[in-house]
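Here's the structure we're looking at; comments come further down.
The values are calculated or read from the model by the stated rules, or taken from the named source; none is laboratory data. The model shown is predicted, which means the values in this text are computed figures rather than measured ones. Glycine gets a Cβ as well: all are built from the backbone with ideal geometry, and neighbour counts include every protein chain shown.
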Amino acid sequence: MESEERPAKMRKLEHSVEDEHADIADAGLLDGLESAENTETPDQAADGEDAAPKLSKNQLKKQKRLERWEAGREDRKIKRKEKTKAKKERKREAWQESRANGEEPQTLQTKAPRRGEPPGTQVPISVIFDCDFEDLMFDNELKSLGLQITRCYSDNRKAPFRCHLAVSSFGGKLKERFDGILAKQYTSWKGFRFFEEDFVHAADQAKEWMKGGIVAGALKTGEDVNGEQETDHQNAEEEGEVVYLSAESDVTLERLKPNSTYIIGGLVDKNRHKGLCYKRAMNRGVKTAKLPIGEFLQMKSRQVLVTNHVLEIMLKWLEFGDWGKAFMGVIPKRKGGVLKSEAQDGDEEEEETPGRDVEEFSTLEEVDQPLNHGHEYVAGDEARPTHTG
């Protein structure tokens with residue numbers, strides 16, 4: 001009878017949502033659940049104003065590749081040490097074997113010979129690369145700028161007449177690249193200085209570097225405004241000037257002057273920011289000038305060169321004292337640069353022999369020269385070393 005009056009107690013099969021949350025709260029996991037519920041999906045995050053921009057597949061691949069490269073840095077370092085150690089051990093064994101056989105062993109060299117002073121003459125000229133444009137460049141353009149600065153150091157070191165070089169506004173991603181991927185090699189560069197301050201501060205410091213410099217090369221053969229030959233003493237005592245090179249300037253640079261500092265804009269922007277360096281110089285009260293490309297060359301493309309080519313042209317002028325020769329020795333052939341004197345002679349010949357066919361040219365490059373779009377008289381947009389603005 002009791003079993004009929006009192007139904008049997010049924011087992012609870014399902015938990016309510018409140019019970020689940022209570023159990024989780026007891027286990028200390030409710031906070032994690034709430035954070036998971038509030039997590040936005042990628043589509044929801046994209047709709048938000050502060051959401052980070054999505055990366056493309058190529059960017060993700062590059063990022064992962066860079067992470068793998070950085071992760072394997074120590075392993076590569078260890079392998080290089082082991083390889084160097086094994087090479088030295090093989091040389092030592094070969095030396096001992098030749099000595100045991102009675103042969104005259106070669107001198108065992110354990111250390112690489114130290115580099116001496118670079119060849120050439122240090123002249124009282126300073127060139128400063130103004131690198132205060134990081135916010136205006138993409139990562140690949142910053143990489144290109146770093147390569148150009150490295151090439152500048154190499155070209156200056158090998159030149160017959162060397163300048164004092166410096167980088168101003170050195171910091172941010174450019175410094176990270178030089179410290180990381182380039183392993184701080186710049187700290188051992190001779191005749192090359194790096195400043196966190198702007199180009200005005202670096203130009204003021206350059207006055208001390210150039211004191212007592214040797215006036216040589218084209219600097220030694222300059223003429224004064226009266227057409228009289230200047231003496232070495234006059235050249236050495238010349239105060240010099242600070243000039244920011246810019247294609248927008250109304251002043252043409254006729255020659256380099258002793259004890260002077262020339263500033264090149266370190267901007268790789270594919271000509272997105274025209275006249276930026278000129279405005280920057282005018283705001284700081286610094287003189288501006290442009291290289292005399294238009295006076296000496298007739299070009300099929302725009303007068304756009306990268307940073308290291310601007311420096312190389314200046315080094316060639318110090319060597320030859322001839323702008324035309326300097327331009328032709330540096331400017332890439334693909335730009336179709338021809339000395340104006342030679343171009344006039346060519347026009348006269350063409351008038352005498354009209355109707356020339358394409359087959360008469362030695363290469364197709366002489367017929368159709370590709371254009372290079374970069375920033376005038378600034379770093380340019382080529383990753384490998386191609387005047388400044």
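Side notes on the structure shown:
- Hits in region 167-195 (condition: farther than 22 Å from Leu136 by Cβ, in contact with a strand residue (DSSP E or B) (Cβ under 9 Å, 6 or more places away or on another chain) and not in a helix (DSSP H, G or I)): Trp189, Gly191, Phe192, Arg193
- With respect to the stated conditions, Gly227 fails to be modelled with pLDDT under 75, surrounded by fewer than 19 Cβ atoms within 10 Å (Cβ to Cβ) and closer than 24 Å to His309 by Cβ.
- Taken over region 320-339, the criterion of being at pLDDT 75 or above and touching a strand residue (DSSP E or B) at 6+ places or on another chain (Cβ under 6 Å) is satisfied by Gly324, Phe327, Val338.
- Within region 155-185, tally of residues that are among the aromatic types (Phe, Trp, Tyr) and over 19 Å from Ile214 (Cα atoms): 2
- For region 294-312, the tally of residues that are buried (at least 22 other Cβ atoms within 10 Å of the Cβ) and modelled with pLDDT of 85 or more stands at 7.
- Single residue of Lys270, Lys290 found to be charged (D, E, K, R) and out of contact with any strand residue (DSSP E or B) (no Cβ under 7 Å at 6 or more places or on another chain): Lys270
- Candidates Leu267, Leu291, filtered to the one that is touching a helix residue (DSSP H, G or I) at 6+ places or on another chain (Cβ under 8 Å) and farther than 18 Å from Gln148 by Cα: Leu291
- In region 250-288, the qualifying residues are those that are under 24 Å from Leu136 (Cα atoms) and polar (S, T, N, Q), and the one that is modelled with the lowest pLDDT is Asn271.
- If only residues of region 268-300 that are assigned to a strand (DSSP E or B) and of a type in the set (D, E, K, R) are counted, the one that is farthest from Ala247 (Cα to Cα) is Lys287.
- Pairs, first within 19 Å of Asn259 (Cβ to Cβ) in region 153-175, second of a type in the set (Asp, Glu), C-beta under 8 Å, six or more apart: Ala159/Glu319; Phe161/Glu319; Ser168/Asp130; Ser168/Asp132; Ser168/Glu197; Ser168/Asp198
- Residue that is surrounded by the most Cβ atoms within 10 Å (Cβ to Cβ), among those in region 152-166 that are assigned to a strand (DSSP E or B) and in contact with a Gly (Cβ under 7 Å, 6 or more places away or on another chain): Leu165
- Residue that is modelled with the lowest pLDDT, among those in region 97-139 that are surrounded by 12 or more Cβ atoms within 10 Å (Cβ to Cβ) and among the polar types (S, T, N, Q): Ser98
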